[in-house]
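The values are calculated or read from the model by the stated rules, or taken from the named source; none is laboratory data. Note that the coordinates shown come from a computational prediction; the quantities given were computed from them, not determined experimentally. Glycine also receives a Cβ, built like all others from the backbone with ideal geometry; neighbour counts cover every protein chain displayed. With ligands, DNA and RNA removed, areas are computed over all heavy atoms of the protein, side chains included. Shrake-Rupley method; radii C 1.70, N 1.55, O 1.52, S 1.80 Å.
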Amino acid sequence: MAGRSMRALVATGDADLVGFAHVPMPTAGQDEVLVDVRAVSVNRGELHRILGAVPGWRPGWDFAGVIGEEAAPGSGPRAGTRVFGIAHGQSWAEHLAVPVRQLAVIPNGVSWEQAAALPTAALTALRMLRLAGDLYGRTVLVTGAAGGVGRFAVQLARAAGAKVTGIVGRPDRAYGLDALGADDVYVGMSGVTPGFDLILESAGGDSLAQAFTLVAPGGMIVSFGNSARATTRFSVSDFYPKQAILRGYFVLDDLAEDPPSDDLSDLVARYALGTLRAGIATVVDWREAETALRDLCARRLPGKTVLRVSA
Ligand SMILES: NC(=O)c1ccc[n+]([C@@H]2O[C@H](COP(=O)([O-])OP(=O)(O)OC[C@H]3O[C@@H](n4cnc5c(N)ncnc54)[C@H](OP(=O)(O)O)[C@@H]3O)[C@@H](O)[C@H]2O)c1
């Protein structure tokens, strides 16, 4: 395989954001497989990194594809198996070498696009909800509820028996969230009654500041993003008397300690059963990646953006 190359999307470091480059074909190391990539999805975190990246930096956490004929021998799914998962970058490419413990098999009836939309967003939602323990009968507030992570968080919190409140950025973004399991949806946080057992907060800036006022005594705020790219100023006296917890969460750092295969299998099985929806806003060919990234940047897309990896 030495000397062979493949196409990948790389950061350009200029106004184009991303473009195609020929990069070395990866080889599967110990406990890895080589995947022929069919679809990938875009996460806001990747967009933020692309906007500040040096030319040549290679994005790509989520992927769906088929185990290639040149898969490493040993354990793991056989050549030809449809798989999806989460990598530490570089999945926006024709081929990807990835640890077996970071992927799962795609069941029949689940598309490449649905599978590619799932890993980062749904794993983040699932594992943050777990931080609060049993959610049955408890109250959960999700900011960015119409986004990729938000839609999964609403569904998974409801499935765990919680009463779910979603926060969206504008009225049309509330559409369909009740069907996903939101009991209440608000545009912005003013008017929301305090007392949430768990708040999943990713908008950052003033939204995080308001979360300090809305969390219940003994509750938990999980801060996992800063979509607004803004500084948060808050009054500590809104927070400490409640003896609440502020937790940070970062899914990529969680993968080594807690490999995601089993969670990915559980989540994709919910797709197959029809109890979890992907929340895909758009599917485009990866040649349209720049436009898709611009749409995401401008908040034009409610939900996940999926790129089809074509020849
Ligand atoms: N820590 C982790 O492990 C982890 C993992 C995944 C994602 N994240 C973070 O979580 C956040 C959500 O990720 P995602 O991929 O789900 O993004 P997304 O699909 O773009 O969703 C973001 C949501 O946040 C809302 N939002 C509120 N204020 C915003 C602002 N100033 N700029 C942009 N969006 C704003 C948007 O509302 P509208 O619908 O009204 O536009 C949108 O629904 C991002 O900050 C991302 O970096 C963190």
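At a glance:
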read-out: Peptides ranked, highest mean first, by Cβ atoms within 10 Å: ranges 185-196, 164-175; value: 164-175, 185-196
read-out: Shape category assigned to segment 221-306 from the gyration tensor of Cα positions, a/c cut at 1.5; value: oblate
read-out: Measure of compaction for segment 123-252 (Cα Rg per 2.2 N^0.38 Å); value: 0.94
read-out: Cα centroid separation, segment 1-62 to segment 163-206 (Å); value: 34
read-out: Rounded to the nearest 20 debye, dipole of segment 123-252 from Cβ charges on Lys, Arg, Asp, Glu; value: 280
read-out: Relative contact order of the chain, defined on C-alpha pairs under 8 angstrom at six or more residues apart (%); value: 17
read-out: Over the chain: Rg over Rh, Cα atoms, Kirkwood Rh; value: 0.98
read-out: Formal net charge of residues neighbouring A121 (Cβ-Cβ distance under 13 Å; K, R +1; D, E -1); value: +2
read-out: Candidates L214, L123, L131: whichever shows maximal mean-square fluctuation once the chain is modelled as a Gaussian network with Cα springs under 10 Å; value: L131
read-out: Between helix 119-131 and the chain: long-axis angle, C-alpha atoms, 0 to 90°, nearest 10; value: 40
read-out: Highest average packing first - 109-119, 281-291, Cβ atoms within 10 Å; value: 109-119, 281-291
read-out: Residues of segment 64-132: accessible area per residue with a 1.4 Å probe, Å²; value: 35
read-out: Phi to ³J(HN,Hα) by Karplus 6.51 cos²θ - 1.76 cosθ + 1.60 over segment 302-311, Hz, x for Gly, Pro; value: x, x, 7, 9, 10, 10, 7, 8, 9, 5
read-out: Cβ-based net charge around A153, under 12 Å, with every Lys or Arg adding one and every Asp or Glu removing one; value: +3
read-out: Packing-based order for 48-58, 148-158, 86-96, using average beta carbon neighbours within 10 Å, highest first; value: 148-158, 86-96, 48-58
read-out: Rounded percent of accessible protein surface that carbon and sulfur make up, the chain, 1.4 Å probe; value: 50
